[in-house]
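**Q** The following block contains the structure, expressed as structure tokens.
None of the figures in this text is laboratory data; all of them are computed from the coordinates on show. Please read these numbers as outputs of a predicted model, since none were measured by experiment. Please note: Cβ atoms are built from the backbone with ideal geometry, for glycine as well, and neighbour counts cover all protein chains shown.
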Amino acid sequence: MNVLQYKQIIEETAIYPQEVNNFGVAYCWLGLQGEYGEAFKASTVEEVYKEVGDVIWYITALSKELELDINFILDGKNLDNIVTTLDNKFFPFYSERIKKFYRDDKDFTEEEKSVLQVRLAQLLSYLFYKLNLNSEDLALILVRNYDKLIKRRQTNTLHGDGDNREET
């Protein structure tokens, strides 16, 4: 599994309401925050892989929405360049910026996108550090998440509640 293959399944499964212009940015941002918290609550390796897979889904979908370089964010070198602390203002700062994206119709500048790419890579590195994961785990997480998404698409369960809804 490579990043390009994974990115393709995101493009096929990133389905959200279109009534609001660029709703995908808000949807992905809120989803990322929720799944990020869930990853830390996971108690088994299998649960960790599922939750981190969901985090990566939202990061990849957000990258698509904002035209960020997902190859940079998911680069194993960045994951192995361990971030041991993370600024607790990360989510509030970007939440405020995303609010302005909608309220003021203010697009992200190329500089803001570049900084966000680095910050998302750091966020993922920190998550991997805290959960004792490495770039080898990333490959397995991508494969498992990809397989889950394919199954959800086949079973028409992309929407809904529950971590294992594709198995119904």
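**Q** Could you give me the ³J(HN,Hα) list for segment 111-125, computed from phi with Karplus coefficients 6.51, -1.76, 1.60 and θ = phi - 60°, whole Hz, x at Gly and Pro?
**A** Karplus-based 3J(HN,Hα) across segment 111-125 equals 5, 4, 5, 4, 5, 5, 4, 5, 5, 5, 5, 5, 4, 5, 4 Hz.
**Q** May I ask you to derive the relative contact order of the chain, considering only C-alpha pairs under 8 Å and at least 6 residues apart, and to give it as an integer percent? Don't jump to the answer; show the numbers that get you there.
**A** Numbers: 149 pairs, mean separation 47.9, N = 168.
Computed value for the chain: 29 percent relative contact order.
**Q** Give me the Kirkwood hydrodynamic radius of segment 3-156, using the inverse of the mean 1/r over all pairs of distinct Cα atoms, in Å to one decimal.
**A** 15.8 Å
**Q** A follow-up question, please. P(r) tail for segment 1-72, what percent of Cα pairs lie past 16 Å?
**A** Cα-Cα pairs of segment 1-72 separated by over 16 Å account for 50 percent.
**Q** Let me ask you something else. Could you name the lysines whose alpha carbon sits less than 16 Å from that of Lys100, not counting residues in the same chain fewer than 8 places away?
**A** Lys113
**Q** Among Lys130, Lys64, rank each residue by its count of other Cβ atoms within 10 Å, from fewest to most, as a rough exposure measure.
**A** Lys130, Lys64
**Q** For a 20 Å ceiling on Cα separation, which of these pairs sit above it: Lys99/Lys148; Lys7/Lys151; Lys7/Lys77; Lys7/Lys50?
**A** Lys99/Lys148
**Q** Here's something else I'd like to know. Using helices alone, I'd like the mean residue ellipticity at 222 nm for the chain: each DSSP H run of four-plus residues gives -39500 (n - 2.57), total over residue count, nearest 500.
**A** So the calculated ellipticity at 222 nm is -22500 deg cm²/dmol.
**Q** What size of dipole, in debye to the nearest 20, comes out for the chain about its Cα centre when the only charges are +1 on Lys and Arg C-beta atoms and -1 on Asp and Glu C-beta atoms?
**A** About 140 debye.
**Q** Shifting gears a bit: Would you tally the net charge around Phe72, using a Cβ to Cβ cut-off of less than 12 Å, leaving Phe72 out, and scoring K and R as +1, D and E as -1?
**A** Within the 12 Å Cβ shell, the charges total +1.
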